[in-house]
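A.B. asks: Before I ask anything, here is the structure I am working with.
The values are calculated or read from the model by the stated rules, or taken from the named source; none is laboratory data. Computed from a prediction, not measured in an experiment: that's the story for all the values here. Cβ sites come from the backbone with ideal geometry, for glycine too, and all protein chains shown count toward neighbours.
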Amino acid sequence: MATPDGTFVARISSGGSELLAIDRDCEYRNSVTAAAAGAGAPVVEYRPQDRLLVIGYLEGRTYGAADVAAHENIPRIADACRRLHHGARFGNDFDMFDIQRRYLSVARARGFRIPAGYDDLLPQFSAAEKALAVRAEGTVPCNNDLLPANLIDDGERIWLIDYELSGNNDACFELGNIAAEAQLSAGALEELVTAYYGRPRRSKTARAWLLGGLVGMYGWTLWGAIQNGASPIDYDFWSWAMERFEGAARGFTAASFKDLLEDVQRDD
């Protein structure tokens, strides 16, 4: 909730969001929906002509990777995700396979630098898409960008912030994305999936890591490449992109990749 003294957070977005598949009108509407579900901060004002979004300030502690990995927090993070996922649907969809293809088209058309060997992993990317389609169970409203800093703990519940990449998506993308961004161990991811679904789910754990982890990192690599070529922000986006690419490459070329493809098609 907003603090009693009426403290707010105002964000003025920079131009070029369309290159990153970000729709500010969707961000606003989804932020309102997330707030109504009790998962996100209240929305105070939206002025698209000024590229301004104002939300209520959430009093609490911003998470780091160690907080996400803490045993006592994992069930609470699962609760926060369910709160969002069980709310009203968003007005747009988010599919990392479509997003990756869009990012790749932008990067190539603009001549942006892409990591060497990126295209070599396209067969694994396609194999993942085919395997994941076998037991697709629909989509739910997802944040899609739950790095640790987008989780805020007020002592009672965990809030999910920043909905610029939000959209209806596979719930397992959300769980795998959390794991990838916080660099959770395989055991911690299994614990998160178990807390979310209420029981151990081998197929869902594999799905979370394949979709939100490996496919996600492969797609986010191009987000970083586009930012590296176009953003005015003084930040090392190339190193950020390479970290994701190297993580995706390790997973796509590991001996266990075949097992992931098989496990996501299981019925458990």
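A.B. asks: Can you name the number of the only condition in (1) touching a residue at least 24 places away in the same chain (Cβ under 8 Å); (2) of a type in the set (A, V, I, L, M); (3) closer than 21 Å to residue 208 by Cα; (4) in a helix (DSSP H, G or I) that residue 122 fails?
C.D. replies: Unmet condition: (1).
A.B. asks: Inside region 76-113, can you point out the residues that are in a helix (DSSP H, G or I), among the polar types (S, T, N, Q) and surrounded by 14 or more Cβ atoms within 10 Å (Cβ to Cβ)?
C.D. replies: Step one: filter region 76-113 for residues in a helix (DSSP H, G or I), giving 76-85, 96-110.
Among the residues that remain, those that are also among the polar types (S, T, N, Q) are: 100, 105.
The one that is in a helix (DSSP H, G or I), among the polar types (S, T, N, Q) and surrounded by 14 or more Cβ atoms within 10 Å (Cβ to Cβ): 100.
A.B. asks: Does residue 48 satisfy being surrounded by fewer than 15 Cβ atoms within 10 Å (Cβ to Cβ) and either at pLDDT below 95 or of a type in the set (Lys, Arg) (or both)?
C.D. replies: On the way: surrounded by fewer than 15 Cβ atoms within 10 Å (Cβ to Cβ): yes; either at pLDDT below 95 or of a type in the set (Lys, Arg) (or both): yes.
The answer is yes for residue 48.
A.B. asks: Can you tell me which residue in region 182-200 is surrounded by the fewest Cβ atoms within 10 Å (Cβ to Cβ), limited to those that are under 12 Å from residue 71 (Cα atoms) and in contact (Cβ under 8 Å) with a residue 40 or more places away in the chain?
C.D. replies: Across region 182-200, the extreme among qualifying residues is 185.
A.B. asks: Please determine, by comparing only the residues of region 27-63 that are among the charged types (D, E, K, R) and touching a strand residue (DSSP E or B) at 6+ places or on another chain (Cβ under 6 Å), which one is farthest from residue 151 (Cα to Cα). Can you show your working first?
C.D. replies: So the first thing to find is which residues in region 27-63 are among the charged types (D, E, K, R), and the list is 27, 29, 45, 47, 50-51, 59, 61.
From what is left, the residues that are touching a strand residue (DSSP E or B) at 6+ places or on another chain (Cβ under 6 Å) are 45, 51, 61.
Numbers: 45: 22, 51: 24, 61: 8 Å.
Checking each candidate, the answer is 51.
A.B. asks: On the basis of being outside any loop (DSSP other than H, G, I, E, B), under 15 Å from the mean Cα position of the chain (by Cα) and without any contact (Cβ under 8 Å) to a residue 40 or more places away in the chain, does residue 179 make the cut? Give the derivation first.
C.D. replies: Details: outside any loop (DSSP other than H, G, I, E, B): yes; under 15 Å from the mean Cα position of the chain (by Cα): yes; without any contact (Cβ under 8 Å) to a residue 40 or more places away in the chain: yes.
When the stated conditions are applied, residue 179 passes them.
A.B. asks: From the list 173, 245, 237, which one is buried (at least 19 other Cβ atoms within 10 Å of the Cβ) and more than 30 Å from residue 86 (Cβ to Cβ)?
C.D. replies: Numbers: 173 fails: more than 30 Å from residue 86 (Cβ to Cβ); 237 fails: buried (at least 19 other Cβ atoms within 10 Å of the Cβ).
None of the others qualify; the one that does is 245.
A.B. asks: Within region 125-154, which residues are in a strand (DSSP E or B) and either over 24 Å from residue 89 (Cβ atoms) or among the polar types (S, T, N, Q) (or both)?
C.D. replies: Within region 125-154, the first condition is being in a strand (DSSP E or B), and the residues that meet it are 140-142, 151-153.
Scanning region 125-154 gives a single hit, 153.
A.B. asks: Show the residue pairs meeting these rules: Cβ distance below 8 Å; 6+ apart or different chains; first residue within region 155-171 and within 19 Å of residue 196 (Cα to Cα) and in a loop (DSSP other than H, G, I, E, B); second residue at pLDDT below 95 and among the acidic types (Asp, Glu).
C.D. replies: 170/137
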